[in-house]
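Let me begin by presenting the structure, written as C-alpha cells, before commenting on it.
The values are calculated or read from the model by the stated rules, or taken from the named source; none is laboratory data. Keep in mind that this is a model prediction, so the values were computed, not measured. No Cβ is skipped: glycine too gets one built from the backbone with ideal geometry, and neighbour counts run over all protein chains shown.
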Amino acid sequence: MRIGQEIIAELQQRLDIEEVVGDYVTLKRKGRNLWACCPFHDEKSPSFSVAPDKGIYKCFGCGKAGDAINFVMEVDSLSFTDAVKQLAQKYGIELPEEEPEPQELQEHQEKESLYIVLKFAADYFQQLLTEHPEGKSIGYSYLKERGFPDAIIKKFELGYSVDAWDGLLKAATDKGYSTDLLEKAGLIIRKDDKTYDRFRGRVIFPIHHPSGKPIAFGARQLKTDKKQPKYINSPETPVYHKSNVLYGMHLAKKLIRQHDNCYLVEGYTDVISLHLCGIENVVASSGTSLTTEQIRLISRYSRHITVLYDGDPAGMKASLRGIDMILEGGLLAKVVVFPEGEDPDSYSRKVGATAFNNYLKEEATDFVVFKTKFLLKEAGNDPLRRTEVARDIISSIALLSDPVAQSVYLRECSNLLNIDEAVLMAELQKLLRRKKGQDVPEQYEAAPLPQAAPAEPQKATTSEESLSLQEKESVRLLLRYGFHQVGENLPLHQYLLQEVAEIEFQTPVYREILHLYRQQLESGQVINEQFLLQHGSAAVKEVVADLSISRYELSDAWQERHNIYTTQESDHLEKAALQNILRLKFRLVRTLIRENQQQLHTAVIPEEVDQILLVHQELKKAEMELAALLGNVIAG
Ligand SMILES: [Zn+2]
C-alpha cells in the first residue's frame, strides 16, 4: 500500500517521540533530555538519549540516531511504510482501506489454514513426547540422555512422532482437517492410492517463523535404520521456503540485536546446546548451505555474524564461500573453529558452559585473517600457490563495502602474506575496476579508494576517517553557527563555504548536506536542523540527529546546579572555523599524497613518473605549510 504525503505530514505533527520511545524503554529526565538504557545494544548505564523538543533520539554507546519513525523501523525491524502504519494506528490516524485482490485473499486464507494445521501438528507431537508410552520411553528418554532439561524441551517445543503410518493423519482428520491441507502442509505423503504420515518414529524439532509460528519440522531418527536418513525435513510449502529460514531465529532475534552479533551454527542440536550454555543469539542454517536470503534476515538484527565451524578442514574449505557471501551482503564475519572432531554441540557438553563461553570469546577470529592463515597453511612454501592465495584474499576484501575496513585488511594481509601492501592495493584496484564495469557500489564512485594509511603518531584512525571527521565538523559548524559572525560582517557560513569552494567532500552524506545547504542559501532560505530532518535522506537525518545532541549540552543542568559556567564554544567560533578549515585541507592533502604515490606503482612511462614526482613535491610543500599554520593556530 502507498501512504500519501498528507498522512505522513499529519503523523509527524502528532508524533511525540517521548511517547513512542517510552513504549519500549523507561525514560528518565536529566537536564533537557531523557535518558534510558539503549534498546539497540547491551548496556548497564544509560547512554541512550531522547531530545523531545527536537523529536530525535541518539545513543552515545552504539551511535544509533534518528526520529520517531526511524526508531520504530529500527526497533521493530519494519520498513518505512510499515512503521508509518503502526504509528498511524497508535495515533488513531485513519489509513485508506486496501481492497485485496481475490487471488491474494485466497492465498492469504490458504496460508492462515496452513499455520493453523502446523500449529496443531506441533502441539500433537509435543504431547506425544511426554504422554504417549512410546514417546516417553524412546523420544523423551533420548532427549534426557542428551542432557536437555524439561525447560529447554519446552522452549524449543520438541516433540515425538510415533512409529505408525497414520498417527498424525488420524488425529488431524478426526479434528476435521482435510487430507489436502495436511498434504499441502508437508505433514503427510500421498503416493499411488496410499496416504501416510511423513514423520514416523522420530524426535521432532519444529522450525519457526521469526514471529514464533511453527512452519515446518525437522525430524531425527532414533533407531539405527540404515535405509532411512538420520534427519528428514518438511518439503517446501507455501509457508516454508527453506532458503529463507533460520532455525532458532524466533528465540534469537532480540538477543542478536542486543549483542549486535549472531552466532551461526549448522544443526538444531548446536543451537540448543548454545542455549544450554546461556548463549541465545544463535541460529542454524540447518541442512542448506547459507543463502543470501538468510544473510539478509540476519542483517535485520545485526551486521555481525560469528560462524562456528566443526574442526574438519575439508568441510571448512567448502564453507569459505558461504562467508564470502556474508561479506558481500555488507556484514562483517568472524570465525570460531573447534578442535578436530568436535562440533559446538559435542564440545560444549565436553567442557561445560563457562569454558565454552570463554572459548568463543578467545577464539573468534576475523574472517579475512582466518581465511588468509588457513589458505597459507595449505599452500605451504609454494610461491605460485601463495600468489593464488593472495588473489583469493583480495577478492574477499573487494567484497567489503567499507573502504576503511578494506585498507585495514590490506595492511594485515600484507603482513601475513609477506607481500608489499602497495602490490596488494594495486591488485585490489584492478579487481574493483573490473567490477566497476558491471555494477558499481555508490561509495566507490564517490570516494576514491583509500590506501592503507601509515599509522599516525598519536591516533590509530586512518587518514580517511580523520578527513571524514573534519567534514563532519564543517557540517556541524555550519548547521549550528552558520549565521554567527566570525569577523566583521562575515557570517560563518560565508567564510566556510568560500574556503571549501574548491574542495569536494569525500564522505557522501556530508557532501549531500553541503549541497543542500548551498541550494537553500541560493534560494534565500534559511537552512537548519529542522529542515534537514524533514527533507534529508535517511543518512542525512541520522547525521543531523547525531549532531543535534551534543554531550556538552547535556550537562547544562549539572552546570547550573553547581554554578559552573564554562566558556561557550560560540565565544571562540573564529578559531574553531579556522582550525576546521586548516585540518580539512591538511587531511585532504595527505590523502592526495597517498593517491599520487599509488600511481607511482603503476606508472611505466618516464614522463608519467616525472609528472607524478612533480605533483608529489607540490603536495609535500602544501602539507608543510598547512602543518605550520595549524601549529600556530593550536598554539595561539
Ligand atoms: Zn545503543
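Within the set S474, S466, the sole residue that is surrounded by 15 or more Cβ atoms within 10 Å (Cβ to Cβ) and modelled with pLDDT under 85 turns out to be S466.
Look at Q106 and say whether it is more than 22 Å from V540 (Cα to Cα), under 24 Å from the mean Cα position of the chain (by Cα) and more than 16 Å from the ligand (Cβ to nearest atom). For Q106, the condition - more than 22 Å from V540 (Cα to Cα), under 24 Å from the mean Cα position of the chain (by Cα) and more than 16 Å from the ligand (Cβ to nearest atom) - is not met. The condition (being surrounded by 15 or more Cβ atoms within 10 Å (Cβ to Cβ) and farther than 17 Å from I581 by Cα) is satisfied by just one residue among E522, E512, E488: E512.
Considered as a group, the residues in the range 24-40 that are farther than 24 Å from H304 by Cα and in contact (Cβ under 8 Å) with a residue 60 or more places away in the chain include one that is nearest to the ligand (Cβ to nearest atom), and that residue is N33. Restricting attention to the range 302-319, the residues that are at pLDDT below 90 and touching a Lys or Arg at 6+ places or on another chain (Cβ under 8 Å) total 1.
Restricting attention to the range 64-83, which residues are within 14 Å of the ligand (Cβ to nearest atom) and either farther than 19 Å from V544 by Cα or at pLDDT below 85 (or both)?
The answer is V75, and nothing else.
Scan the range 1-52 for residues that are under 20 Å from I256 (Cα atoms) and touching a Leu at 6+ places or on another chain (Cβ under 6 Å) and the total you get is 1. Looking for something exposed (fewer than 14 other Cβ atoms within 10 Å of the Cβ) and closer than 25 Å to G536 by Cα - is there at least one such residue anywhere in the range 70-78? Within the range 70-78 (the criterion being exposed (fewer than 14 other Cβ atoms within 10 Å of the Cβ) and closer than 25 Å to G536 by Cα), the answer is yes, since at least one residue qualifies. When Q519 is tested against (1) part of a helix (DSSP H, G or I); (2) touching a helix residue (DSSP H, G or I) at 6+ places or on another chain (Cβ under 9 Å); (3) more than 23 Å from R590 (Cα to Cα), exactly one condition is not met: (2).
Per the listing E340, E378, E363, the residue uniquely over 21 Å from V408 (Cβ atoms), touching a strand residue (DSSP E or B) at 6+ places or on another chain (Cβ under 8 Å) and either among the charged types (D, E, K, R) or touching a residue at least 60 places away in the same chain (Cβ under 8 Å) (or both) is E340. Taken over the range 310-335, residues that are crowded, with 20+ Cβ neighbours inside 10 Å and in contact with a Pro (Cβ under 9 Å, 6 or more places away or on another chain) amount to 1.
Every residue, every condition in (1) outside any strand (DSSP E or B); (2) more than 20 Å from S285 (Cβ to Cβ); (3) at pLDDT 95 or above, yes or no:
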position	(1), (2), (3)
G147	yes, yes, no
I153	yes, yes, yes
E183	yes, yes, yes
F205	no, no, yes
A216	no, no, yes
K227	yes, yes, no
I232	no, no, no
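Among the residues of the range 582-633, those identified as hydrophobic (A, V, I, L, M, F, W, C) and over 41 Å from the mean Cα position of the chain (by Cα) are V604, I605, V609, L613, L614, A628, L629. Checking the structure you have, find out if any residue of the range 146-168 is of a type in the set (D, E, K, R), within 20 Å of Y231 (Cβ to Cβ) and touching a residue at least 60 places away in the same chain (Cβ under 8 Å). The answer is yes, given that some residue of the range 146-168 is of a type in the set (D, E, K, R), within 20 Å of Y231 (Cβ to Cβ) and touching a residue at least 60 places away in the same chain (Cβ under 8 Å). Checking each residue in the range 200-223 for being over 13 Å from Y115 (Cα atoms) and among the hydrophobic types (A, V, I, L, M, F, W, C) picks out V203, I204, F205, A219, L222.
Checked against the criterion of being modelled with pLDDT of 95 or more, of a type in the set (A, V, I, L, M), under 29 Å from L360 (Cβ atoms) and in contact with a helix residue (DSSP H, G or I) (Cβ under 6 Å, 6 or more places away or on another chain), the candidates V265, V271, V283 yield just one match: V283. Would you say I7 is within 20 Å of H535 (Cβ to Cβ), away from the ligand (no atom under 14 Å from the Cβ), hydrophobic (A, V, I, L, M, F, W, C) and more than 27 Å from the chain's Cα centre (by Cα)? Yes, satisfied. Among the residues making up the range 14-40, none is under 18 Å from G66 (Cβ atoms), polar (S, T, N, Q) and surrounded by fewer than 18 Cβ atoms within 10 Å (Cβ to Cβ). Here is the figure for the range 41-63: residues that are near the ligand (Cβ under 7 Å from one of its atoms), within 20 Å of the chain's Cα centre (by Cα) and either crowded, with 21+ Cβ neighbours inside 10 Å or free of Cβ contacts under 8 Å to residues at least 60 places away in the same chain (or both) total 4.
Scanning the range 408-431 for residues that are more than 18 Å from Q597 (Cβ to Cβ) and in a helix (DSSP H, G or I) turns up V408, Y409, E412, C413, N415, L416, L417, L431. Number of residues in the range 320-370 that are at pLDDT 90 or above, touching a Leu at 6+ places or on another chain (Cβ under 6 Å) and assigned to a helix (DSSP H, G or I) equals 1. Just give me the residues in the range 286-301 being at pLDDT 85 or above and farther than 29 Å from G63 by Cα, in sequence order. Once the filter is applied, which keeps residues that are at pLDDT 85 or above and farther than 29 Å from G63 by Cα, the range 286-301 yields L290, T291. Scanning the range 387-403 for residues that are at pLDDT below 85 and either over 22 Å from R303 (Cβ atoms) or surrounded by 17 or more Cβ atoms within 10 Å (Cβ to Cβ) (or both) gives T387, L400, P403. On the given criteria, is Q12 away from the ligand (no atom under 14 Å from the Cβ) and either closer than 17 Å to Q530 by Cβ or assigned to a loop (DSSP other than H, G, I, E, B) (or both)? Against the criterion (away from the ligand (no atom under 14 Å from the Cβ) and either closer than 17 Å to Q530 by Cβ or assigned to a loop (DSSP other than H, G, I, E, B) (or both)), Q12 qualifies.
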